[in-house]
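Read through the structure below, which is laid out as structure tokens, and then see the notes.
The values are calculated or read from the model by the stated rules, or taken from the named source; none is laboratory data. All values derive from a computational prediction rather than experimental measurement. Neighbour counts are summed over all protein chains in view; Cβ atoms, including those assigned to glycine, are modelled from backbone coordinates with ideal geometry. The protein model used for the area step is the full one, side chains on, heavy atoms only, and it has no ligands, DNA or RNA in it. Shrake-Rupley method; radii C 1.70, N 1.55, O 1.52, S 1.80 Å.
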Amino acid sequence: MKIAFVGKGGSGKTTLSSLFIRHLAANEAPVVAVDADINQHLGAALGLDEPEAAALPAMGAHLPLIKEYLRGSNPRIASAETMIKTTPPGAGSRLLRVQEDNPVYQACARTVRLDDGDIRLMATGPFTESDLGVACYHSKVGAVELCLNHLVDGFDEYVVVDMTAGSDSFASGMFTRFDMTFLVAEPTRKGVSVYRQYREYARDYGVALKVVGNKVQNRDDLEFLQEEVGEDLLVTVGHSDWVRAMEKGRPQRFELLEADNRMALQTLQNTAEDTYDDRDWERYTSQMVHFHLKNAESWGNARTGADLAAQVDPDFMLGERIADFGAPLPA
């Protein structure tokens, strides 16, 4: 299952995504966590100290390796240099799976030991001073999108992505890559403004969207969110002494997280799992192709000097059983 956490900066989406990751690990689910926010805080929220978080390899720095590996023997892709963030897989492409070892994970993922199990953590890498004026953060997040385009995941496997804040997720098709998107909103006008933007843009693409109300302190906060969000409001989270202790650098064992917050996290997992039967790999693949052709026409062809529309394999559809029909497994 592919899960995204989005929301306004400061809404608490990184904290909630880290709690959800810990919850999944406690439930013995295999997890790949991805920090795709411009402000890289997921590692710290998962308990890494500052040197450990700073030592995480940047996916953006390994983009040539990622492209070369995923290209495989796909005859429609002449070279890794002609791949862009939206390039879809086709016959001969290598695919990623949650529970495997491959060169992409070896280069970009690190194991993080949590109280109740280990997870893999990947990070796009921070927006550095050398990028100013010459690069866009979306080029770094492109490594995440390319990996998601080539990912085959199952019901009991999780990829959890802490997305960039606000509506920046719409700069590409990555917002359509998830089985469930949890939008974290505070009970304020600004807190629900990102929800309205996301809802309107995502509606035409069949994006499954639910709101997690955060920092809800009283009934008035709850009623405000209910009025503004309606049936999209899934669950609310209030003050947590456990989170406060973690933020002070005095982490407690995860089993001591408040019972109501544990129940909220279970609701998130149940809701994500309920979307499994509605998976539509044909739509998923066609949306991938749609955004690839859009990017190819707007900038990709000029950037690479190639006709990127020719990379689309019309006979290929991504899906869990694809390995059964001759697609090559990673070497």
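Which loop-located GluC sites (Glu not before Pro) does the range 231-278 contain, where loop means any DSSP state but H, G, I, E or B and the Cβ has at most 10 other Cβ atoms within 10 Å?
none
In nm, to one decimal, how far is the modelled label at ASN39 from the one at ARG321, with both set 7 Å along Cα→Cβ?
Taking the two extended label points, one gets 4.6 nm.
Checking the cross-link filter: which aspartates and glutamates have an alpha carbon closer than 16 Å to that of LYS248, excluding same-chain neighbours under 8 positions apart?
ASP49, GLU50
Hey, what did the range 171-220 get for relative contact order, percent, Cα under 8 Å, at least 6 apart?
51 percent
Note the full-extension length gain between GLU223 and ARG250 as 0.36 nm times their separation in residues minus their Cα-Cα distance, in nm to one decimal.
6.4 nm
For the range 211-331, what % of the accessible area comes from carbon and sulfur atoms, probe 1.4 Å?
Its accessible area is 46 percent carbon and sulfur atoms.
In percent, what relative contact order does the chain have, based on Cα pairs under 8 Å that are 6 or more apart in sequence?
27 percent
How far apart, in nm, are two points set 7 Å out from the Cα along the Cα-to-Cβ line at ALA54 and at TRP299?
With each label point 7 Å from Cα toward Cβ, the separation is 3.1 nm.
Helix 259-274 versus the longest principal axis of the chain: what angle, 0 to 90°, nearest 10, using Cα atoms?
The answer is roughly 30 degrees.
Given the peptides 176-185, 32-41, arrange them by the average over their residues of other C-beta atoms within 10 Å, most packed first.
Final packing ranking: 176-185, 32-41.
Report, ordered by chain and residue number, the lysines lying within cross-link reach of LYS85, taken as a straight Cα distance under 21 Å and ignoring same-chain residues fewer than 8 apart.
LYS2, LYS67, LYS140, LYS294
For the range 210-331, report the accessible area per residue in Å² (1.4 Å probe, heavy atoms, rounded to an integer).
Roughly 60 Å² per residue, with all protein chains present.
Could you state how much accessible area GLU228 has, in square angstrom rounded to the nearest 10, with a 1.4 Å probe and all protein chains kept in place?
The accessible area comes out at roughly 60 Å².
PHE5: net charge of surrounding residues, Cβ under 10 Å, Lys/Arg +1, Asp/Glu -1, itself excluded?
Neighbour charge sum, excluding PHE5 itself: -1.
With a 1.4 Å probe and all protein chains left in place, how much accessible area per residue does the range 40-107 have, in Å²?
43 Å²
Remind me, relative contact order of the range 1-154 in percent, using alpha carbon pairs under 8 angstrom and six or more residues apart?
33 percent
At 222 nm, what value in deg cm²/dmol follows for the chain if DSSP H runs of at least 4 each add -39500 (n - 2.57) and the sum is divided by all its residues, to the nearest 500?
-10500 deg cm²/dmol, from helical runs alone.
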